[in-house]
1. Where in the range 64-141 are the helices (runs of 4 or more DSSP H), entirely inside, with at least 3 residues that are more than 29 Å from Ser157 (Cβ to Cβ)?
2. Could you check the range 52-85 and list, in sequence order, the residues that are among the small types (Gly, Ala, Ser) and over 30 Å from Asn117 (Cβ atoms)?
3. Scanning the range 116-140 for residues that are closer than 15 Å to Val23 by Cα and of a type in the set (S, T, N, Q), which turns out least open to solvent (accessible area, probe 1.4 Å)?
4. Could you give me the residue pairs with C-beta distances under 7 Å whose first residue belongs to the range 98-124 and is closer than 19 Å to His209 by Cα, whose second residue is acidic (Asp, Glu) wherever it lies, and which are 6+ apart or on separate chains?
5. Residues that are aromatic (Phe, Trp, Tyr), touching a Phe, Trp or Tyr at 6+ places or on another chain (Cβ under 7 Å) and crowded, with 19+ Cβ neighbours inside 10 Å: does the range 97-115 have at least one?
6. Just the residues that are of a type in the set (S, T, N, Q), closer than 26 Å to Gln109 by Cα and open to solvent by 50 Å² or more (accessible area, probe 1.4 Å), please, taken from the range 14-39.
Amino acid sequence: MAPRWKGRTAEAKALADPMSKIVSDLQSSLLQSDAHASLSGSNALLPVEPQHAEILTRACFGRPIITADKVNQWFQLSLEEAFYLSHHLGCLKITHHQGTTCTIAELWQYMKSKIANFPHYYKAYSYLRTKNWVVRPGSQYGVDFVAYRHHPSLVHSEYAVIVLSEGGSSSDDGVDGRLMVWSDLYCTIRLCGSVAKTLLVLTVNKNGHGTVSPTALDGYSVEERSIRRWSAEQNREDPVAAANGTKYDI
């Protein structure tokens, strides 16, 4: 499925301002400002100045919290976003409620206490982010994430992402058995088709590594599977296509 750009100039704008550069600018900006976010339940709250709010919006990290204060603004980060900025990019410090800065080990344990299968979700999130996909929550489509080729203002999301563990139904990892039943898979594919998205299944394999420390993530692997609904009408015999050697995409 080709990307669906929003307007004639959207693709050119995306090529002129690649997401890799935007994220690099965000990293530099947060490092220079010594940015600190505070944990709040299953989110992290980041106070920002207007220039930081602008680059966070361009990089698609977090969501702005609307307040009457036009100078001091706040962004709400998901746990995956907060850990990516803190652990992978190293540009964000995160504090406890007491105001002390969390170590990466403390932060990892906190994330796992809030989301049982956090290691799998985070590995999938970081896997896509490091490939310069914009990753946003996918709950409105009944999936874990949606992935955009660039900023959502320029292009529609291309993939609906579901995260599974190796084997697909490991209760020890907190990952359920989604897509293990044919009817479940079929309904998900139909839903993705109705909103013009390809279902992307990311299967995370721990390869014998545990979840005690975030360093174990380096030993994890991710297997990609893109799944689309097969249409009998698109795959009927076509004398012209057969003569030309054309193959239909299933």
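The values are calculated or read from the model by the stated rules, or taken from the named source; none is laboratory data. Worth saying up front: this structure is predicted, and the values here are computed from it rather than measured. Cβ: placed from backbone, ideal geometry, glycine included. Neighbour counts: every protein chain shown. Calculation scope for accessible area: heavy atoms of the full protein, side chains included, ligands and nucleic acids excluded. Shrake-Rupley method; radii C 1.70, N 1.55, O 1.52, S 1.80 Å.
1. Working: elements: 79-83, 104-114, 118-129.
Per the criteria, 104-114.
2. Passing the criteria: Ala53, Ala68.
3. Selected residue: Ser126.
4. Short answer, once both residue conditions are applied: Asn117/Asp173; His120/Asp173; Tyr121/Glu80; Tyr121/Asp144; Tyr122/Glu80.
5. There is no residue in the range 97-115 that is aromatic (Phe, Trp, Tyr), touching a Phe, Trp or Tyr at 6+ places or on another chain (Cβ under 7 Å) and crowded, with 19+ Cβ neighbours inside 10 Å.
6. Scanning the range 14-39 gives a single hit, Gln27.
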